[in-house]
Amino acid sequence: MLDPLTLNSRQQQVLWATVRQYVSTAEPVGSKALVQEYDLRVSPATVRHAMGVLEKAGLLFQPHTSAGRIPSDHGYRLYVDNLIHPAQGVAQKVDTQLSAALKWDGWSLEALLKGAAQILSAVSGYLTLITVPQKRETTIRHVQLVLLSPTQLLVSLVLDSLETQSMVIQLPPATADDPHQLEALEREANILSNFLAAHLVGHPLHKMADLNWGELNREFQRYGDTLTEAMTLLAQRNQTASETTQFVMSGLGEVLRQPEFSEAQQVQAIVQLLEEEQAQLWPLVFETDVEDDSGRRVRVLIGSENPLEPMQGCALVSSTYCRDTLPIGSVSVLGPTRMMYENAIAAVEAAASYLTDAFNAGI
């Protein structure tokens, strides 16, 4: 396949025009249509020659011998990477509509994401997928041990998300030999609380595994295994909750009316993926936190670049939204590979930027 740098300006112009024409009409594109619709200032024969070069390069192909040409996945990829810029007018339209329709104060998270998804799908014309914010690796804000009885100890954590995690643990038999020593046990619980606070506050939950119980006097070391096990279970509980991925979706009906989705079997596969196998989508929509060569914080997967078979006739455009500088969720649009990419990229980036501002404003 030709490197984009080896395409001359005319070939690049013909490829750009072919993609735009095919996106508009969903019909194979001929040289006469390009000359009539675009200011190429060359003859149809010259355009046919350029299209032939692009076909040999794997950027265009003919679905039928007598038909015009349509872009291949490689052709779309070159178009996206080298021939377009995000449509600023679309970005401004998305931002204006989001700002006018949605208010951060007083809106629930669900309402905000649902409203954003509806606006993005209406502007882009594609299916919108917005992930519910994921929990980042939480750190411990406060830790306390409370003696409930000579045989039971409450471990209570407050995380930086203000979520509370707690667990009642059974004390080792050595601490319950004399039930009348409740006052002594309470002092021990306070000393242990101070020890844990000094070593764990401001650190993630898994830091518990690195605690050096040898720093405590011998009589306290018998708590080590029991407390380590309890804190590990709390960490696992928190991690399991954070791994649950939920999507807010809008615009499925619109995108499935595109001619590319005319076969019922293909539609069924996509709907099943969206409704029942959302976990498989997570790596595709969330790994967008690295800037591409153009400086965009966006990921575009085109056709066969999608590892999931039901999506290999689709294009997926994704960007992340952040709290501070940490990605916590993603905004995506899904449509046919015959997509107006400059509009989709701009719309997704604008929506992601809006949600980033919302979450940093303290929603």
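The values are calculated or read from the model by the stated rules, or taken from the named source; none is laboratory data. Please read these numbers as outputs of a predicted model, since none were measured by experiment. Cβ coordinates were reconstructed from backbone atoms using ideal geometry, including for glycine residues, and neighbour counts include every protein chain displayed.
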Give all pairs with beta carbons closer than 7 Å in which a residue from the stretch 168-187 that is over 13 Å from Val146 (Cα atoms) meets a residue that is modelled with pLDDT of 60 or more; count only pairs at least 6 apart in sequence or on separate chains. Pro172/Arg222; Pro172/Thr226; Ala174/Arg222; Thr175/Leu185; Ala176/Pro150; Ala176/Thr151; Pro179/Pro150
Quick one: Phe286 ticks every box in (1) buried (at least 19 other Cβ atoms within 10 Å of the Cβ); (2) modelled with pLDDT of 85 or more bar one, so which box is it? (2)
A careful count of residues in the stretch 11-41 that are crowded, with 16+ Cβ neighbours inside 10 Å and either more than 20 Å from Val80 (Cβ to Cβ) or assigned by TED's automatic domain parsing to the domain that holds Glu342 (or both) gives 6
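Sort out for me the helices (runs of 4 or more DSSP H) sitting completely within the stretch 23-136 that have 2 or more residues that are over 30 Å from Gln246 (Cβ atoms).
Numbers: elements: 31-37, 44-56, 73-78, 88-101, 109-124.
In the stretch 23-136, the matching helices (runs of 4 or more DSSP H) lie at 31-37, 44-56, 73-78, 88-101.
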Answer yes or no: is there a residue in the stretch 106-117 that is over 23 Å from the mean Cα position of the chain (by Cα) and without any contact (Cβ under 8 Å) to a residue 24 or more places away in the chain. yes
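Restricting to the stretch 69-114, count the residues that are of a type outside the set (Phe, Trp, Tyr), more than 30 Å from Val53 (Cα to Cα) and surrounded by 15 or more Cβ atoms within 10 Å (Cβ to Cβ). Even if it seems obvious, please write down each step before you answer.
Start the filter on the stretch 69-114 by keeping residues that are of a type outside the set (Phe, Trp, Tyr), which leaves 69-75, 77-78, 80-103, 105-106, 108-114.
Within this subset, residues satisfying the condition of being more than 30 Å from Val53 (Cα to Cα) are 88-103, 105-106, 108-114.
Now narrow it down to the ones that are surrounded by 15 or more Cβ atoms within 10 Å (Cβ to Cβ): 90-91, 93-95, 97-98, 102, 112-114.
So the count comes out to 11.
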